[in-house]
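Below is one structure, written out as structure tokens; comments come after it.
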Amino acid sequence: MHRYARATLSFLLLLLAPECLAQGASGLDLGGGMVANGEAERYLRALQLLGEVPLHPVGIRPWTRLELRALTPTKTHPWATRFTLSDTGRQQTRLTILRPSLGAAWNSSRPDVASSGGVWFGRGVTVDGSAGVRLGTGVLDVQVAPMMFWAQNQGFALAPNGLTGNGALRDARFPGVIDAPQRFGTSGYGRVDAGNSRIAVETRIVSAGFSTAPLAWGPARDEPLVVGPNGGGFSHLYVGSGEPWPIYIGHVHWKLLAGRLEQSAWSPEETGNRSRFASATVFTFEPRGIRGVEAGVVRFQHRTWYPGVATLRNALRPFTGILSDPANNVNTGGENGYASVFVRWAAAPAGFEVYGEYGREDYAGNTRWLLQKPDDLGNLLLGFQKAWRLSANVVRVLRAELVNAELSSNERGQRGFETPQPPYLHSSPVAQGHTVNGLFLGSATAYGGAGWRLATDSYTAQGRRSVVVERRLLKDWLPVAPTAAGRAPEVQYGARYEALRFGKKGRELSASAGLSWTLNRNTVRHDDSVNLQASLRWRGW
């Protein structure tokens, strides 16, 4: 039996295990530790805007068990009978069987542009699952929640990149400097990894541990520029503040991590240097006397993995200078990075928040260049959410995000570029770009160039309904053909409907149906295509 088929069967047996295994919490997601950009987090964020949950920084997610003590909602919100925040303080020894999850998605003609929690949704059917246990005792919190997925990965028309064989599967525009395959092989593709697992020691002062769980840094809901959950997590050690630290001028919250990033089998790095050492930090600041304002900075560094690379000095690399300095081993040929600054203003209980993040490829050439062109290789994200109550048991949210990561035409010429330059590219020997396992650590929309998403969510006692409309620029040129040769930017418009329904005994069922329309497929003018999408997910026993 194929190894992914065996893994799928093992997960099914675990998911369908008898109820004598003991049911976990009847909350949301896994029912254990908070999931970055999960149902629980998105719902709590909406309640913050209505004043039913105290304001709390969103720049470092997932929130820890101790942070959730301040985020317990009132008893009158729509999901009051289903939403529980358990184990939010110092806890006695408790073993919990987490809520299993099993999902299936289908794409009719091409893979989905966006991934989710490390799952790549290819053409055809993709199935994924997660299950596990959680142990809490005192300040120790341990969760083991592996995930798996398998994609049917049917064939579709690839954009030519000038390569043959496995090389033809690589990225369409920059096949030599980023690990972002158009297709993961020519047959079924899947992976099993540690998923939402962690070992943490949490106090009010400090939080530290080892984790493989996805992260979300910055205020963005769907498209964080530097660190987001769409590409999944990676193995890392971390340390940071347990709760925001009070200082005279406000509150600060921070995290520092060091970990290991892996590549896909279709990376441009075919021999040696296949792994990378990652070091990253994030800081948020809430100024005293200005309610609802949060500002922060993120910095992420990549280095080639080699014996002895995991040192304290390399872990602290994000605190080094921002200018190129090869003489002092800063921004050498063996490393690269990405950084951003962000701000969020949440007007509670008025129900409104607006936020922005500005990111750029790390390291300016020199001080004068930085002063002249602070926006060189810069990328911008803007977003807002408006929440209001339609009745005692209905909360409505209107939200939008816009990403623009295109290099201006003037800047291209001055830098010697003949084509647009997206973020996340890294040159040899760090040739995998800002990715993990072939998926983006940041925003897939930013890599395409630009896009926006407009959506509305309705929360009731029965669950959630959402309508999403979006646009993405996917490709604006190919290396094998000039734009004048019948080429045009590849742009995708999409719409989908999502529904989440609560069942008995903590169960829930969610489904979605959507349609996307791609203009100028693979940049061929007037070669348009339609992709139908559908998904189904079950959680609980």
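The values are calculated or read from the model by the stated rules, or taken from the named source; none is laboratory data. Quick caveat: nothing in here was measured; it's all calculated off a predicted structure. Note that each Cβ is placed from the backbone with ideal geometry, even for glycine, and that neighbours are counted across all protein chains shown. Just the protein is used for accessible areas: all its heavy atoms, side chains included, with ligands, DNA and RNA removed. Shrake-Rupley method; radii C 1.70, N 1.55, O 1.52, S 1.80 Å.
Placing one equal scatterer on every Cα of segment 429-541 and applying the Debye formula, the log10 ratio I(q)/I(0) at q = 0.13, 0.18, 0.23, 0.24 Å⁻¹ is -0.70, -1.02, -1.21, -1.24.
Hey, can you rank 441-452, 165-176 by average C-beta count inside 10 Å, highest first?
441-452, 165-176
The HN-Hα couplings worked out from phi for segment 56-65 by the Karplus form 6.51 cos²θ - 1.76 cosθ + 1.60 (θ = phi - 60°) are 8, x, 10, x, 10, 9, x, 5, 7, 4 Hz, whole numbers, x standing for Gly and Pro.
Bridgeable lysines around LYS505 (alpha carbons under 22 Å apart, same-chain partners fewer than 8 residues away excluded): LYS75. Computed from phi, the 3J(HN,Hα) profile of segment 178-190 under the Karplus parametrisation 6.51, -1.76, 1.60 (θ = phi - 60°) reads 7, 9, 9, x, 5, 9, 8, x, 10, 9, x, 10, x Hz, with x in place of Gly and Pro. Can you send over the carbon and sulfur percentage of the accessible area for segment 253-377, probe radius 1.4 Å, protein chains only? That share works out to 62 percent. Remark: the VAL394-SER427 segment gains 6.9 nm on full extension, using 0.36 nm per residue and subtracting the alpha carbon distance. Only helices enter the 222 nm calculation for the chain: every DSSP H run of n ≥ 4 contributes -39,500 (n - 2.57), and dividing by all residues gives -2000 deg cm²/dmol, rounded to 500. Among the protein heavy atoms of segment 157-209, carbon and sulfur supply 62% of the accessible surface, probe 1.4 Å, non-protein parts ignored.
When only Cα pairs below 8 angstrom with a gap of at least 6 residues are kept, the chain shows a relative contact order of 15 percent. Less than 5 angstrom separates the built amide H of ALA347 from those of PHE352, GLU353, VAL354, all sequence-distant by 5 or more or on a different chain. Close amide H pairs (under 5 Å, H built 1.01 Å from N) link SER235 with ARG260, residues at least 5 positions away or on another chain. Across segment 47-54, coupling constants 3J(HN,Hα) worked out from phi with the 6.51/-1.76/1.60 Karplus curve, θ = phi - 60°, read 5, 4, 5, 8, x, 8, 9, x Hz, and Gly and Pro carry x.
For segment 181-228, what does the alpha-carbon gyration tensor say about shape, rounded, prolate or oblate, given a ≥ b ≥ c as the root eigenvalues, a/c under 1.5 as rounded, and a/b over b/c as prolate? Verdict is oblate for segment 181-228. Across the protein chains, with a 1.4 Å probe defining accessible surface, the residues VAL192, VAL58, VAL239 rank VAL192, VAL239, VAL58 from largest area downward.
Rounded to the nearest 0.05, what FRET efficiency is calculated for ASN366 and LYS504 with R0 set to 41 Å and r the Cβ-Cβ distance?
Plugging the Cβ-Cβ distance into 1/(1 + (r/R0)^6) gives 0.05.
With protein chains left intact and a 1.4 Å probe, residues in the chain average 40 Å² of accessible area per residue.
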